[in-house]
Amino acid sequence: MTSPQSNTRQSNHPSNWADTNLRYGYVSRVLHWLMAAMIFWQFLGMTLRAILGRTPLVAFFVKWHPIVGSTLLVLILLRLAWFWLNRHHRPGVIPPVSAPRYGSGINWAKAGHVALYGLMLCIPLLGFIRLYGSGRGFAPFGIEIFAETGQEIAWTIALADALHGELAWFFLVLIVGHIAMVYIHEKYQNDGTLKRMAGRLKKTRK
């Protein structure tokens, strides 16, 4: 028979699925690394398109581009919802040592994350709007999202053509900066930044 104290310790022990103030849980990690792989796939395809032009390999990536992009849109919505549910117990921003009183470093780090999340939402949304306005219909994995109409909606195509690609390359710059800052934290501050998203999780007590 367990004592009331042991029951209290058990109920207070955080689940590995949820986030805590010290690290991210399984849900955040799966969403993060799955999205990272899919974003890498998208940029790989577009880079090959810019270098090789029209080839069978590029056509393969182009075919999957809207499907992967739409999946990313769903995942970012799930990630934002999970962020909101865990907003009171997530790891805080670790400022660089050089930041005066840590204030400016924290503000820049937060601004960078807001920009990353904003672009992860806006870029696939713009692609989805262009797809809808093309009139060609969209049925990924055989699931019809909208039917083919054969009629283009000019403003949706113009909006996406003006912003989708340009924001994507700016997003790539932010990703490179994000990776660089993680490296700086690990190399020069040794503060365990990467471990919060990739480190080993302790087993929960039963």
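Inspect region 78-86 for any residue being within 19 Å of Trp169 (Cβ to Cβ) and modelled with pLDDT of 90 or more and give the result as yes or no. Checked against the condition, which is being within 19 Å of Trp169 (Cβ to Cβ) and modelled with pLDDT of 90 or more, region 78-86 yields no hits at all.
With respect to (1) modelled with pLDDT under 95; (2) within 17 Å of Val30 (Cα to Cα); (3) out of contact with any Asp or Glu (no Cβ under 9 Å at 6 or more places or on another chain), the lone exception for Lys110 is condition (2). List every residue pair whose Cβ atoms lie under 6 Å apart, where the two residues are 6 or more positions apart in sequence or sit on different chains, the first residue falls within region 134-149 and is at positive phi, and the second residue, located anywhere, is modelled with pLDDT of 90 or more and assigned to a loop (DSSP other than H, G, I, E, B). Once the first residue is at positive phi and sits in region 134-149, its partners that are modelled with pLDDT of 90 or more and assigned to a loop (DSSP other than H, G, I, E, B) give Gly135/Thr149; Gly135/Gly150; Gly135/Gln151; Gly135/Glu152; Gly137/Ala147; Gly137/Glu148.
The selection criterion, being among the β-branched types (Val, Ile, Thr) and either closer than 16 Å to Ser28 by Cβ or exposed (fewer than 14 other Cβ atoms within 10 Å of the Cβ) (or both), holds for Thr55.
For region 44-72, the set of residues classified as closer than 25 Å to Val173 by Cβ and hydroxyl-bearing (Ser, Thr, Tyr) consists of Thr47, Ser70, Thr71, listed by residue number. Name the single residue that is nearest to Thr47 (Cα to Cα) among those in region 130-168 being part of a loop (DSSP other than H, G, I, E, B) and aliphatic (A, V, I, L, M). Per the stated criteria, the residue is Ala139.
Among the residues of region 199-206, not a single one is modelled with pLDDT of 90 or more, aliphatic (A, V, I, L, M) and surrounded by 12 or more Cβ atoms within 10 Å (Cβ to Cβ).
Table: residues versus (1) modelled with pLDDT of 95 or more; (2) part of a helix (DSSP H, G or I); (3) not aliphatic (A, V, I, L, M).
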| site | (1), (2), (3) |
| --- | --- |
| Thr20 | no, no, yes |
| Arg23 | no, no, yes |
| Val30 | yes, yes, no |
| Ala36 | yes, yes, no |
| Ile76 | yes, yes, no |
| His88 | no, no, yes |
| Ile94 | no, no, no |
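The values are calculated or read from the model by the stated rules, or taken from the named source; none is laboratory data. Keep in mind it's a predicted model, so treat the numbers as computed, not measured. Reconstructed Cβ throughout: ideal geometry from the backbone, glycine too, with neighbour counts over all protein chains shown.
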